[in-house]
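The values are calculated or read from the model by the stated rules, or taken from the named source; none is laboratory data. Note that this is a predicted model, so its numbers are computed, not measured. A quick note on method: Cβ atoms are made from the backbone with ideal geometry, for glycine too, and the neighbour counts reach across all protein chains shown.
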């Protein structure tokens with residue numbers, strides 16, 4: 001096990017990159033602590049898979065270093081980096097039994113058979129595959145196969161990091177939830193560094209201690225789920241994380257106070273802004289509520305999500321969403337909205353003002 | 001899967017049914033007819049029952065050509081399948097060379113059978129052919145028209161040259177269908193190249209290889225033109241394979257009854273062996 | 001417009017794929033089939049469309065028996081989980097294809113396609129090929145094609161399942177609006193309870209080839225007829241545990257007890273199954289009748305706005321889902337509060353008897 005450091009990492013698939021747009025991955029410096037659970041989150045094509053392949057050694061970056069512990073592994077092939085990976089589509093050795101699949105990485109490394117047996121049984125117990133050890137791996141369901149892929153990483157004692165590349169893609173929706181919790185449970189038991197790549201915010205936030213949010217090859221924010229939720233550094237993070245995403249509306253700042261269409265909005269960071277009119281105001285639906293005064297809006301649509309209702313309100317073309325808990329009251333027609341000051345923030349060019 | 005009520009669908013199948021009837025069923029029935037009658041080719045027929053079948057099955061000549069056929073078929077299978085897989089493994093999987101390699105590979109398949117026979121005949125002639133002359137120049141006593149061993153060597157070499165490409169192309173198709181993740185996972189698991197071949201490539205190629213074996217088996221059992229052109233079954237009868245023998249009996253000696261019986265037996269052997277191959281190779285799949 | 005299934009069932013060999021089902025689906029609002037993979041959603045849809053033969057029963061459309069009518073003559077359109085488009089046609093031609101089959105006039109085709117493209121935000125990309133579109137746009141194209149021909153019955157089989165999370169959210173928002181003013185019966189299959197809730201309309205819960213409950217979506221969610229329907233319509237899975245009633249007191253298998261109120265007070269003494277949705281189990285007291293429950297913490301998940309805790313209770317895994325940040329340590333004996341005023345009580349056969 002080891003700490004993972006990415007230093008000045010950049011990558012381009014073009015042989016002779018000239019401008020920023022040629023890079024699939026922009027300048028990146030990250031430290032990942034040993035034993036943590038991390039997630040790389042972003043929409044398709046944001047460079048997260050590129051980054052994953054660079055860490056695993058399937059791709060050599062154009063610039064920068066990958067350091068495991070204090071060893072520079074940038075030029076090392078995957079098998080010498082002591083990593084494990086679970087792919088989007090389950091990879092199992094079809095002709096082997098579940099037992100042999102789990103034993104495969106150990107046997108390849110010449111581990112004595114008694115030790116192999118001990119490890120395989122221990123891990124099989126952990127991932128609930130003990131009963132199927134003698135079955136052919138090809139006969140298992142998708143979630144069983146993903147567990148085998150994971151198990152092949154867990155049996156090894158030399159693994160620096162286990163990486164997951166959208167591992168729940170082919171899992172039946174009603175089993176996703178179970179497998180996700182299982183991963184979390186395993187991490188909390190074995191404490192191996194894990195990096196989880198996904199476009200699904202729920203998976204990323206529930207799995208990871210720290211999430212790296214990416215967009216267009218750039219890291220937009222690195223933070224704990226709570227930080228990403230409460231203090232999105234960029235409107236993209238606000239939009240991408242949370243369901244529904246953060247409300248973003250145009251605003252101006254005059255004398256340290258934020259105004260949205262001439263209604264004063266109390267915001268925790270407006271005081272630090274110089275006067276400007278091309279700013280944006282961000283507030284999550286969770287932190288908006290109906291009140292006797294505030295921003296005048298019209299209630300346009302109410303969707304029942306069971307535990308709460310999503311209310312879509314309009315002011316002109318601007319949509320502002322808020323969540324009302326089960327049983328809460330929702331006015332009809334015209335209403336006023338109030339934003340929680342601690343969670344209402346001003347952005348310039350998409351970035352949080354501070 | 002699910003059936004829908006659409007009677008029109010049968011109309012679309014009809015042309016094929018008719019074609020197959022004309023193409024296969026009717027000629028086959030003619031052969032069945034010949035095989036149980038005695039005829040001298042003047043349209044007079046006498047019932048012969050199973051006499052021809054008994055004759056054929058008891059004849060040393062049939063046993064000998066069947067034996068030669070078996071040796072030939074299993075030799076070329078034993079060479080072409082591993083060789084084809086080996087070549088497929090060395091072909092590039094990505095990049096600009098892929099189409100070039102594939103076209104080069106496919107070239108022998110595009111040459112008509114009789115041309116292949118003629119080419120190799122000339123190529124192997126000991127006095128003027130490059131192969132024959134070369135071998136003799138190197139000190140080998142090589143003459144495929146006189147020495148049975150040399151004839152066999154040339155025959156098998158010709159078939160390997162002509163048909164290995166087919167195995168290569170099929171095996172290659174199987175290989176490129178393996179997702180990258182499998183190779184990456186194997187690398188991460190620390191698998192050596194033989195383990196990758198044994199546990200990833202071979203299992204994934206299994207289906208196409210089954211097809212390759214079946215095709216090569218049936219084709220080689222039916223091979224006629226090339227050996228006929230190359231050696232004419234000689235020297236002596238040493239390279240007289242089943243099909244060559246069959247034509248000798250039917251056209252050379254005009255023994256239509258025995259020839260028909262032999263064709264049917266020949267047909268049944270191919271059917272039986274193909275079935276055996278298929279079941280054996282697919283048995284694991286079911287488990 | 002209405003689609004009626006009368007004693008419809010489907011058997012293949014010895015396997016009963018759909019048990020005899022009676023269902024009346026109407027135009028206006030979406031009809032949702034909610035169930036896990038292999039619960040029979042797709043089979044039921046194929047039976048509705050006429051793509052598959054019924055084993056028993058009949059199907060009526062607007063009162064007219066269509067059981068033996070070929071699918072081509074039923075004016076049905078279907079959208080699948082995979083984005084199915086003609087790869088060599090432009091988006092325009094893809095959307096226009098059903099109209100061309102119907103031999104509609106060129107200017108009418110143009111008008112309709114443009115209108116549909118406008119509605120589905122595809123106007124700017126009518127000249128592109130499907131391969132040049134994002135997943136969301138490809139699925140929009142498939143949807144536009146299904147809607148353009150004014151079908152009487154529109155079947156959508158998990159159309160959002162293959163999309164990225166945010167795109168799914170966006171289309172979930174747009175879909176109900178798209179069908180709002182259409183005179184057609186819309187059937188939508190999904191595995192996700194939240195999707196059913198957001199679409200509203202009516203929901204049928206499916207489990208192993210049976211429709212377990214059918215009614216307005218909110219009612220099915222809030223008043224499940226039986227344990228199975230409650231399980232199908234709950235994510236995370238609904239918590240359940242054995243509860244014993246003795247006089248006025250209800251005692252959970254874990255030992256927690258409280259005095260029965262509401263409908264539960266009227267139950268005779270005995271043993272029942274209690275069902276409680278995860279968001280009614282919280283780290284802080286909430287609701288009208290919070291009861292303390294203790295359990296050993298197995299997994300904790302923090303999603304930024306929510307905390308999810310999995311813990312052992314009476315031999316089962318219970319899940320608590322709550323707003324805010326509530327850190328727990330794995331292995332710790334945690335105290336949580338179950339709002340039993342929100343609980344459902346099921347008898348031995350699984351039927352709802354109180355709650």
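Details
- Residues located in region C:152-196, provided they are assigned to a loop (DSSP other than H, G, I, E, B) and more than 12 Å from every other protein chain (Cβ to nearest Cβ): C:152, C:159, C:181, C:182, C:183, C:184
- When region B:210-229 is limited to residues that are over 10 Å from the mean Cα position of the chain (by Cα) and under 15 Å from residue B:166 (Cβ atoms), the one that is surrounded by the most Cβ atoms within 10 Å (Cβ to Cβ) turns out to be B:226.
- Residue match in region C:50-66 (condition: touching a residue at least 60 places away in the same chain (Cβ under 8 Å) and surrounded by 14 or more Cβ atoms within 10 Å (Cβ to Cβ)): yes
- Those residues of region C:49-65 which are within 13 Å of chain B (Cβ to nearest Cβ) and closer than 25 Å to residue C:190 by Cβ, in sequence order: C:49, C:50, C:51, C:52, C:54
- Just one of the listed residues (A:43, A:77) is modelled with pLDDT under 90, closer than 18 Å to residue A:223 by Cα, touching a helix residue (DSSP H, G or I) at 6+ places or on another chain (Cβ under 9 Å) and within 14 Å of another protein chain (Cβ to nearest Cβ), namely A:43.
- Inside region C:107-151, residues that are outside any helix (DSSP H, G or I) and closer than 27 Å to residue A:43 by Cα make up a count of 9.
- The residues on offer are B:232, B:190, B:257, B:174, and the sole one that is in a loop (DSSP other than H, G, I, E, B) and either out of contact with any helix residue (DSSP H, G or I) (no Cβ under 9 Å at 6 or more places or on another chain) or surrounded by 19 or more Cβ atoms within 10 Å (Cβ to Cβ) (or both) is B:190.
- Failed criterion for residue A:84 (all others in (1) crowded, with 19+ Cβ neighbours inside 10 Å; (2) assigned to a loop (DSSP other than H, G, I, E, B); (3) within 14 Å of chain B (Cβ to nearest Cβ) hold): (2)
- Among the conditions (1) within 14 Å of chain A (Cβ to nearest Cβ); (2) under 26 Å from the mean Cα position of the chain (by Cα), the only one that residue C:324 does not satisfy is (2).
- Among the criteria (1) more than 11 Å from chain C (Cβ to nearest Cβ); (2) out of contact with any strand residue (DSSP E or B) (no Cβ under 9 Å at 6 or more places or on another chain), the one residue A:213 does not fulfil is (2).
- Residue in region A:130-147 that is touching a helix residue (DSSP H, G or I) at 6+ places or on another chain (Cβ under 6 Å), modelled with pLDDT under 90 and within 12 Å of chain C (Cβ to nearest Cβ) present: yes
- Positions within region A:94-115 being without any contact (Cβ under 8 Å) to a residue 24 or more places away in the chain, in contact with a helix residue (DSSP H, G or I) (Cβ under 9 Å, 6 or more places away or on another chain) and within 24 Å of residue A:189 (Cβ to Cβ), in sequence order: A:111, A:115
- Selection count, region C:197-240, where residues are more than 21 Å from residue C:27 (Cβ to Cβ) and part of a strand (DSSP E or B): 9
- Positions within region C:269-300 being surrounded by 21 or more Cβ atoms within 10 Å (Cβ to Cβ) and under 21 Å from residue C:329 (Cβ atoms), in sequence order: C:278, C:281, C:282, C:293, C:295, C:299, C:300
- Looking across region C:202-228 at every residue that is within 11 Å of the chain's Cα centre (by Cα) and within 14 Å of chain A (Cβ to nearest Cβ), the one that is nearest to residue C:313 (Cα to Cα) is identified as C:221.
- Residue within region A:167-182 that is more than 14 Å from chain C (Cβ to nearest Cβ) and surrounded by fewer than 19 Cβ atoms within 10 Å (Cβ to Cβ) present: no
- Residues located in region A:293-334, provided they are free of Cβ contacts under 8 Å to residues at least 24 places away in the same chain, touching a helix residue (DSSP H, G or I) at 6+ places or on another chain (Cβ under 6 Å) and outside any loop (DSSP other than H, G, I, E, B): A:303, A:304
- Yes/no for residue A:227 being modelled with pLDDT of 90 or more and in a helix (DSSP H, G or I): yes
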